[in-house]
Amino acid sequence: MDRNLVFPRSIRYLIAVADLHSFTRAAEALYVSQPTLSQQIKQLEDVLDVQLLDRSGRTVRLTAAGEVYLHHARRALGELTAAKRAIHELQDLSRGSLRLGMTPITDYLAIPLLEQFNARYPGITVNTLEMPQDDIKAALAEDRVDIGIAFSSTLSTEECSDDVDSHILFIETLNLAVGKDHHLAGQKGPMSKHALEQEPLVLFNDHYALRRNIDLYCLEHGIKLPIAMEASSLSVIIEMVRLGRLATILPDTISCAQQGLHSIALLPELPHHTISLICRKGTYKSPACQAFADVAAEWSTVRCQVTPSHRLRPCPMIDVCAHTKSTSADDDVFDATPTDASDGETAAR
């Protein structure tokens with residue numbers, strides 16, 4: 001028996017006597033004196049107000065009450081042993097669980113991260129919960145999620161909560177996204193704000209931080225967006241844009257990962273956005289939570305080195321996406337006048 005196990009000594013002594021049918025042999029096995037062992041078992045019997053051992057014969061036997069009590073004691077010992085083993089499994093990450101809060105945008109951006117984490121720790125069950133960004137912070141505070149992936153403007157004036165730790169993974173550029181059949185799909189060069197005002201858009205509703213950041217950008221630059229549709233689902237937005245009539249504003253990574261979408265730079269440029277891990281400050285972090293943070297940090301350092309062939313879907317502008325984001329000084333800012341799609345490929349950066 002494990003002498004270091006957190007279990008009442010008197011019960012461990014009782015189990016030893018019952019197994020060995022002798023106070024002497026039990027004391028020797030436990031490395032204690034026989035009087036100490038006898039005294040501990042007698043105190044247990046006094047507490048229970050019942051005799052557990054029959055000491056009248058040549059060998060010590062359990063009484064009927066002792067049989068019942070020892071049955072439950074062994075079950076309790078088995079549960080404690082299993083608990084100790086489970087803790088060790090958590091520490092070596094062979095099992096565990098993780099509750100992850102994500103926005104619709106970070107759902108798409110972090111899928112490769114989730115795949116990498118699952119491949120490394122298949123025994124850890126990940127439960128992803130999609131919600132607006134403000135709700136992620138509330139869920140962290142209420143212990144409904146262990147960690148969140150946030151999507152915030154680099155120019156955001158929102159004060160960081162004293163209760164939240166934030167670690168930036170990477171920075172993402174926002175641009176206009178159109179379908180392959182959209183009249184702007186073949187345009188070259190960044191798009192002016194005057195041209196943007198002529199294009200019907202489908203955007204997130206104002207419950208989402210991305211939409212609020214877009215509204216602030218428009219307010220700052222005096223842009224009046226012709227919003228034709230609002231949605232709370234990124235999949236709905238992407239499919240509406242893919243059909244060809246409506247445009248939207250998305251991170252470049254998402255536009256380039258979706259077959260049939262083209263990314264067009266905007267002028268003036270939208271503020272860049274950070275993708276960050278957020279968690280409650282000063283609270284216990286499970287081994288699974290810490291492991292996810294470690295994998296995320298490792299993944300973020302190499303994600304920009306991923307070749308186009310590793311993308312989730314073929315990118316219609318694969319050659320452009322493979323280069324560092326930049327806009328040539330020779331590119332012209334185009335207006336709202338449509339041109340033929342054969343004039344050239346859309347500039348993604």
key: Matching entry among Arg212, Arg242 (being charged (D, E, K, R), in contact (Cβ under 8 Å) with a residue 12 or more places away in the chain and either under 18 Å from Gln133 (Cβ atoms) or in a helix (DSSP H, G or I) (or both))   = Arg242
task = Mind listing just one residue for me: the one in region 90-102 that is outside any helix (DSSP H, G or I) and either without any contact (Cβ under 8 Å) to a residue 60 or more places away in the chain or not hydrophobic (A, V, I, L, M, F, W, C) (or both) and, of those, surrounded by the fewest Cβ atoms within 10 Å (Cβ to Cβ)?
result = Asp92
ask   = Identify, please: which residue in region 108-121 is over 11 Å from the mean Cα position of the chain (by Cα) and farther than 28 Å from His88 by Cα and is, among those, surrounded by the fewest Cβ atoms within 10 Å (Cβ to Cβ)?
value = Pro112
remark   = Filtering helices (runs of 4 or more DSSP H) wholly in region 103-182 for at least 2 residues that are touching a strand residue (DSSP E or B) at 6+ places or on another chain (Cβ under 9 Å) and hydroxyl-bearing (Ser, Thr, Tyr) gives 104-109
request  = Say whether the condition of being over 23 Å from Ile11 (Cα atoms), touching a Ser or Thr at 6+ places or on another chain (Cβ under 6 Å) and either open to solvent by less than 60 Å² (accessible area, probe 1.4 Å) or part of a helix (DSSP H, G or I) (or both) is met by at least one residue in region 73-89.
outcome  = no
ask   = Of the numbered conditions (1) in contact with an Asp or Glu (Cβ under 6 Å, 6 or more places away or on another chain); (2) crowded, with 17+ Cβ neighbours inside 10 Å, Lys281 satisfies every one except a single condition; which is it?
value = (2)
ask   = Restricting the search to region 255-285, which residues are of a type outside the set (D, E, K, R) and part of a loop (DSSP other than H, G, I, E, B)?
value = Gln258, Gln259, Gly260, Ala265, Pro268, Leu270, Pro271, His272, Gly282, Thr283, Tyr284
Verdict on Ile168 being open to solvent by 40 Å² or more (accessible area, probe 1.4 Å), under 30 Å from Val302 (Cβ atoms) and either out of contact with any Gly (no Cβ under 9 Å at 6 or more places or on another chain) or β-branched (Val, Ile, Thr) (or both) = yes
request  = Just need a number here: residues in region 215-239 that are open to solvent by 30 Å² or more (accessible area, probe 1.4 Å), out of contact with any strand residue (DSSP E or B) (no Cβ under 8 Å at 6 or more places or on another chain), in a loop (DSSP other than H, G, I, E, B) and free of Cβ contacts under 8 Å to residues at least 60 places away in the same chain.
outcome  = 2
ask   = Being within 30 Å of Arg242 (Cα to Cα), assigned to a helix (DSSP H, G or I) and either modelled with pLDDT under 50 or among the β-branched types (Val, Ile, Thr) (or both), is that true of even one residue in region 292-302?
value = yes
key: Subset of region 190-212 that is more than 24 Å from Thr154 (Cα to Cα) and buried (at least 17 other Cβ atoms within 10 Å of the Cβ) - its residue that is nearest to the chain's Cα centre (by Cα)   = Glu199
note = Residue pairs within 9 Å by beta carbon, gap of at least six or interchain, first lying in region 122-146 and buried (at least 20 other Cβ atoms within 10 Å of the Cβ), second basic (Lys, Arg), listed first then second, are Ile124/Arg95; Leu140/Arg280; Val145/Arg99; Asp146/Arg99; Asp146/Arg280; Asp146/Lys285
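The values are calculated or read from the model by the stated rules, or taken from the named source; none is laboratory data. Remember, predicted model here, so these are calculated numbers, not experimental data. Reconstructed Cβ throughout: ideal geometry from the backbone, glycine too, with neighbour counts over all protein chains shown. These accessible areas exclude ligands, DNA and RNA; they are computed on the full protein's heavy atoms, side chains included. Shrake-Rupley method; radii C 1.70, N 1.55, O 1.52, S 1.80 Å.
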